[in-house]
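Q: My questions all concern the structure below.
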Amino acid sequence: MCSKRDNGNMPHGINRLDRRAFIKSGVAAGTLATVAGCLGEDPEDEEEFVITLSQFPDTIDPLDHITGDYFDVYDHIYEPLFDFEPGEGIFPRVVEDWEAQGDGTTELSLRDDVVFHNGDDLTAEDVAWTINRTIDPEFGVPSPIGTFGLGSITGAEALDETTVSVQYSASAGLAQFEFGNYARAIDKQWAIDNHDAENDAITGADPEDFNGTGPYEVVDFTSGEEIVLERFDDYWGDEPPFERVVFNADNESSGRVASLETDETDLTINILPEDVDTVENTDGIEIRNVTSFRTIFCPMKNTVAPFDSQEFRQAMNYAVDNEGIVETVLSGFGEPRGQPVSPGINGFNDDIEPYAQDVGQAESLVEESGYGGAEIELQAPQGRYLNDAQVAEQVADQIDQLENVSCDVNIGDFGIVSDANQAGVDPDEFEIPFYMIGWGVITGDTDYGVQGFFTIPDNPNRTFDDEELSDAILESQQIDDPDERREQLEEVNRIAHEKAPFVYLHTQESIYGIREEIQWEPREDETVYIWGMEN
Amino acid sequence: MTTGKFLVRRILQGVVVIWGVVTIMFALRAVSPGDPANLMLAEGASEELIQQVRMEEGLNQPVYVQYLDYVQGMVLGDFGYSWRSNREVEAMVIERIPATVELAVAATIVAIAISIPLGVISATRRNEPADYGATLFSLLGISTPNFWLGLMLILVLGVWAGVFPTGRRPVGLAEAIGTLLQYGYAGDLLTWLKYITLPAITLGTYFTALITRLTRSGMVDELGKPYVTASRAKGLPSVLVRYKHVLRNTMIPIITVLGLQLGTLMGGAVITETVFNWPGLGLRLIDALRIRDWPLMQGIVVFIAIAFVSINIFVDAIYASLDPRVGEE
């Protein structure tokens with residue numbers, strides 16, 4: 001399998017053009033046809049796989065940003081410590097075995113045959129240092145990931161060469177979801193060597209600046225353009241399916257689709273619904289999609305009117321036709337939702353149906369709330385989520401159609417939404433109480449989808465102030481029994497549905513375009529793993 | 001005023017323009033919504049970490065202090081670090097210059113190769129079908145938005161005909177030439193040519209139309225002058241008169257416009273590079289805008305302003321040396 005993509009890097013072989021591509025190019029540049037003798041097919045092309053992302057990871061630090069596109073690249077270089085299967089839990093990978101000690105710690109046993117790309121052995125100290133770095137801003141090389149991804153983890157310590165003790169403040173079950181998903185191993189010495197003290201970051205832009213234990217190592221890196229990986233010969237695990245993997249990026253869905261149509265790429269992510277037909281009508285490529293773990297909703301901060309009324313918040317939910325929006329704006333690539341998380345997430349409550357549009361009930365509830373005649377404004381981003389601006393316009397329009405509520409929409413930069421989401425619930429500290437945002441519950445556990453929004457203690461960034469909901473979440477964090485904890489999380493989702501802290505919208509689908517001969521099923525957690533493919 | 005004083009004045013004016021651009025960029029950053037510390041960190045970053053970043057980046061300082069620090073950095077050539085990649089902005093700008101220059105030069109070559117012959121034909125065959133055709137081409141070229149033209153070229157020649165790739169730049173010109181010289185392998189050069197053709201046509205079309213018009217009008221003016229009649233009366237072949245004498249005189253204002261348009265091409269490349277995913281300064285600027293990477297945005301905009309001003313001063317200097325009256329005006 002290969003893309004018909006040209007590669008201009010001489011050191012990797014004169015294998016850029018196959019015969020078909022050459023004939024085409026000869027039409028375009030006949031005057032240079034005399035050089036054709038230099039060109040030819042190369043069997044190595046069959047071993048190259050090209051993935052076009054929507055954002056290029058312009059940093060060598062795998063823990064610098066929580067961005068799906070970044071993880072798609074970094075996980076092949078740095079690899080997760082565990083295999084995470086959405087809806088099933090975690091499985092051994094670099095960590096062979098783990099056991100909760102019952103005292104707020106879990107011991108992780110590492111494989112003893114794992115080496116970094118620079119030849120250093122992986123040690124427990126590397127893992128402990130990486131975890132500590134992500135949870136402690138004072139640790140020297142800070143990473144922002146820890147706050148949410150490792151929220152309950154309080155520290156890690158190397159007990160011997162291959163054993164790490166992870167400490168946490170909540171239940172072992174919650175901690176396992178967190179470190180099971182977010183834990184990575186960085187070579188401590190390498191990180192310190194590459195630490196730019198002035199900028200307080202791990203920096204570099206050369207292929208050798210990347211140094212993980214993953215099945216692929218970086219052989220070429222052109223900032224903002226392309227990162228080329230090749231199989232790592234000393235990898236401890238199974239050989240991945242392609243010798244060479246190239247990641248590039250195109251911000252435009254249409255550009256990514258054009259690359260797929262013209263054989264320049266083999267897989268592309270984030271295809272917009274309006275581009276789906278183009279892919280489906282092209283020979284050799286196809287659409288694959290899956291309902292993701294990313295839910296889209298509109299938080300309503302309940303410390304200001306009219307959102308301090310539960311009736312009003314419920315009314316907003318009854319005003320919106322989620323099913324219609326999914327069908328029309330998303331062309332069916334989504335599922336209406338009535339709780340903060342999606343199916344497959346631990347604690348998802350199967351008994352909760354999405355709010356069904358009922359304009360009469362919505363208007364009655366508005367009257368009941370005492371906020372008849374309210375004027376509200378919905379702030380929404382553009383280009384962040386699947387057709388987000390169009391979704392927000394529909395939502396605002398449907399609310400505006402209520403007899404007793406007026407709603408405008410303001411489409412703006414995602415930064416405005418992000419700020420609103422960070423601003424907390426003190427009315428003196430925020431200006432936007434109603435906005436649209438998406439949240440991917442990538443740990444696979446409800447806690448990740450609710451605690452940042454709803455828990456009260458030590459959480460100035462929360463978006464909703466409600467003791468009952470907060471207590472329910474805090475209680476779940478202390479339950480060790482997995483079944484009991486799941487039931488408590490289902491209760492959290494039930495309360496969150498009833499109290500309507502959000503206008504619940506939908507779970508969006510991840511839409512991919514791919515060569516049809518590649519065997520690969522997209523994952524709910526939005527990650528793309530080469531090792532999960534077969535040619 | 002001497003030529004020297006004229007140039008000093010132009011340079012000082014250029015400095016003022018660049019300072020204006022720097023100030024406007026800083027003001028835009030200051031008034032734009034969103035806390036920069038939030039932008040630099042992932043969603044959900046802790047308040048502690050946000051405060052730490054604010055302090056490290058000087059974002060808790062008064063605006064005028066931030067402005068002075070910023071201007072001082074610019075003067076010293078320190079554009080800061082990209083918020084997203086943590087790399088030095090200067091390095092991120094410099095590494096993208098070759099791609100943009102390649103595109104601008106290729107577009108200029110496309111423009112010259114098409115527009116000069118077309119303008120000559122149009123002028124020498126006035127009111128004939130060839131003239132009407134060239135005029136129509138010029139009108140279309142000037143009127144067509146280049147983002148639309150780029151998309152149409154991708155659709156027709158990239159996707160439907162499969163003749164050209166739809167975007168990207170797998171190899172740079174310098175690297176391709178190096179490969180040719182070192183290994184005797186021309187494939188990279190062919191690849192480069194194949195990838196740059198559609199972006200160059202897209203970026204160069206407006207320019208082509210403009211030069212075609214200039215060439216035509218200049219030739220028409222020159223062809224009516226007495227020296228042309230005298231040359232013909234002396235028995236010089238008409239081809240020699242047109243191309244050696246008339247075209248040469250017509251070229252003087254065209255070359256001036258070419259020089260000035262190079263700066264414009266740098267700006268126009270933003271759209272073309274985005275459409276073709278061509279990794280030049282324009283695409284990097286758009287990427288920086290999307291994620292509101294202000295230091296990178298500022299660095300690129302200031303660089304483009306410096307390039308634009310420098311090219312203008314260079315053209316003025318050539319003009320002043322050729323025609324001393326320019327300095328006296």
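Q: Does any residue of the range B:200-222 turn out to be within 13 Å of chain A (Cβ to nearest Cβ), in contact (Cβ under 8 Å) with a residue 40 or more places away in the chain and buried (at least 16 other Cβ atoms within 10 Å of the Cβ)?
A: Checking the range B:200-222: at least one residue is within 13 Å of chain A (Cβ to nearest Cβ), in contact (Cβ under 8 Å) with a residue 40 or more places away in the chain and buried (at least 16 other Cβ atoms within 10 Å of the Cβ).
Q: Let me ask something else. Looking only at residues that are at pLDDT 95 or above and either in a helix (DSSP H, G or I) or in contact with a helix residue (DSSP H, G or I) (Cβ under 7 Å, 6 or more places away or on another chain) (or both) in the range A:512-527, which one is farthest from A:Gln398 (Cα to Cα)?
A: In this case the residue turns out to be A:Trp520.
Q: Is it fair to say B:Leu258 is away from chain A (no Cβ under 14 Å) and over 16 Å from B:Glu95 (Cα atoms)?
A: yes
Q: Let me ask you something else. Can you report the number of residues in the range A:260-272 which are within 10 Å of chain B (Cβ to nearest Cβ) and in a loop (DSSP other than H, G, I, E, B)?
A: So the answer is 4.
Q: Another question, then. Within the range B:57-75, is even one residue within 30 Å of B:Arg168 (Cβ to Cβ), of a type in the set (A, V, I, L, M) and either within 26 Å of the chain's Cα centre (by Cα) or surrounded by fewer than 18 Cβ atoms within 10 Å (Cβ to Cβ) (or both)?
A: no
Q: Please work out which residue is surrounded by the most Cβ atoms within 10 Å (Cβ to Cβ), limiting yourself to the range A:187-207 and to residues that are at pLDDT 85 or above and out of contact with any strand residue (DSSP E or B) (no Cβ under 8 Å at 6 or more places or on another chain).
A: A:Asp187
Q: Answer yes or no as to whether A:Ala175 is surrounded by 21 or more Cβ atoms within 10 Å (Cβ to Cβ), among the aliphatic types (A, V, I, L, M) and touching a residue at least 24 places away in the same chain (Cβ under 8 Å).
A: Considered against the rule, which asks whether it is surrounded by 21 or more Cβ atoms within 10 Å (Cβ to Cβ), among the aliphatic types (A, V, I, L, M) and touching a residue at least 24 places away in the same chain (Cβ under 8 Å), A:Ala175 comes out as yes.
Q: Yes or no: A:Leu474 out of contact with any strand residue (DSSP E or B) (no Cβ under 8 Å at 6 or more places or on another chain), hydrophobic (A, V, I, L, M, F, W, C) and more than 21 Å from A:Gln310 (Cα to Cα)?
A: So A:Leu474 passes the test.
Q: Just to be sure before I move on: is B:Ile300 away from chain A (no Cβ under 11 Å) and surrounded by fewer than 22 Cβ atoms within 10 Å (Cβ to Cβ) in the structure I sent?
A: no
Q: Of all residues in the range A:94-110, count the ones that are surrounded by fewer than 17 Cβ atoms within 10 Å (Cβ to Cβ) and either under 19 Å from A:Phe232 (Cα atoms) or in contact with a Lys or Arg (Cβ under 9 Å, 6 or more places away or on another chain) (or both).
A: Within the range A:94-110, residues that are surrounded by fewer than 17 Cβ atoms within 10 Å (Cβ to Cβ) and either under 19 Å from A:Phe232 (Cα atoms) or in contact with a Lys or Arg (Cβ under 9 Å, 6 or more places away or on another chain) (or both) number 1.
Q: Let me ask something additional. For the range A:424-443, give me the residue count where each residue is closer than 19 Å to A:Ile296 by Cα and touching an Asp or Glu at 6+ places or on another chain (Cβ under 7 Å).
A: 5
Q: Now a separate question. What residue, of A:Ser254, A:Ser259, is at pLDDT below 90, of a type in the set (Ser, Thr, Tyr) and within 18 Å of B:Trp278 (Cα to Cα)?
A: The unique qualifying residue is A:Ser254.
Q: Within the range A:336-344, is there a residue that is crowded, with 17+ Cβ neighbours inside 10 Å, touching a His at 6+ places or on another chain (Cβ under 8 Å) and charged (D, E, K, R)?
A: Taking the range A:336-344 as the starting set, the residues that turn out to be crowded, with 17+ Cβ neighbours inside 10 Å are A:336-342, A:344.
Those still in the list that are touching a His at 6+ places or on another chain (Cβ under 8 Å) too: A:336-339.
Cutting the leftovers down to charged (D, E, K, R) gives us A:337.
Yes, the conditions are met somewhere in the range A:336-344.
Q: Out of the range A:296-335, which residues are surrounded by fewer than 21 Cβ atoms within 10 Å (Cβ to Cβ) and over 28 Å from A:Ile456 (Cα atoms)?
A: A:Asp321, A:Glu323, A:Gly324, A:Glu327, A:Thr328, A:Ser331, A:Gly332, A:Glu335 - these are the residues of the range A:296-335 that are surrounded by fewer than 21 Cβ atoms within 10 Å (Cβ to Cβ) and over 28 Å from A:Ile456 (Cα atoms).
Q: Give me a count of the residues in the range A:412-422 that are surrounded by fewer than 20 Cβ atoms within 10 Å (Cβ to Cβ) and under 18 Å from the mean Cα position of the chain (by Cα).
A: Looking only at that region, the number is 1.
Q: Follow-up. In the range B:86-136, what residues are surrounded by fewer than 16 Cβ atoms within 10 Å (Cβ to Cβ), within 14 Å of chain A (Cβ to nearest Cβ) and not aliphatic (A, V, I, L, M)?
A: B:Glu90 - this is the single residue of the range B:86-136 that is surrounded by fewer than 16 Cβ atoms within 10 Å (Cβ to Cβ), within 14 Å of chain A (Cβ to nearest Cβ) and not aliphatic (A, V, I, L, M).
Q: Filter the range A:364-410 down to residues that are buried (at least 16 other Cβ atoms within 10 Å of the Cβ), touching a strand residue (DSSP E or B) at 6+ places or on another chain (Cβ under 6 Å) and not aliphatic (A, V, I, L, M), then give me how many there are.
A: 6
Q: A further question on this structure: Filter the helices (runs of 4 or more DSSP H) completely within the range A:354-429 down to those with at least 1 residues that are β-branched (Val, Ile, Thr), closer than 19 Å to A:Thr463 by Cβ and away from chain B (no Cβ under 14 Å).
A: A:388-400
Q: Do you know which residues across the range A:423-477 are surrounded by fewer than 22 Cβ atoms within 10 Å (Cβ to Cβ) and among the acidic types (Asp, Glu)?
A: Once the filter is applied, which keeps residues that are surrounded by fewer than 22 Cβ atoms within 10 Å (Cβ to Cβ) and among the acidic types (Asp, Glu), the range A:423-477 yields A:Asp426, A:Asp428, A:Glu429, A:Glu431, A:Asp458, A:Asp465, A:Asp466, A:Glu467, A:Glu468, A:Asp471, A:Glu475.
Q: One residue is enough: does the range A:230-241 have a residue meeting the conditions within 14 Å of chain B (Cβ to nearest Cβ) and buried (at least 21 other Cβ atoms within 10 Å of the Cβ)?
A: The answer is no, given that none of the residues of the range A:230-241 is within 14 Å of chain B (Cβ to nearest Cβ) and buried (at least 21 other Cβ atoms within 10 Å of the Cβ).
Q: Report, by residue number, each residue of the range B:145-197 that is at the interface with another protein chain (Cβ under 7 Å from one of its Cβ atoms) and within 23 Å of A:Asn281 (Cα to Cα).
A: Hits for the range B:145-197 are B:Ile154, B:Gly158, B:Val159, B:Gly162, B:Val163, B:Phe164, B:Pro165, B:Thr166, B:Gly167.
Q: Further, regarding this structure: What are the pairs with Cβ atoms under 9 angstrom where one residue, in the range B:44-66, is more than 7 Å from every other protein chain (Cβ to nearest Cβ) and within 16 Å of A:Asp419 (Cβ to Cβ) and the other, located anywhere, is modelled with pLDDT of 75 or more and not in a helix (DSSP H, G or I)? Sequence gap at least six, or different chains.
A: Note: pairs meeting the criteria are B:Gln51/B:Asn60; B:Val53/B:Leu59; B:Arg54/B:Asn60.
Q: At least 1 residues that are within 21 Å of the chain's Cα centre (by Cα) in each: list the helices (runs of 4 or more DSSP H) lying fully within the range B:225-301 that qualify.
A: B:247-276, B:281-290
The values are calculated or read from the model by the stated rules, or taken from the named source; none is laboratory data. If you're wondering where the values come from, they're calculated on a predicted model, not measured in any experiment. Cβ coordinates were reconstructed from backbone atoms using ideal geometry, including for glycine residues, and neighbour counts include every protein chain displayed.
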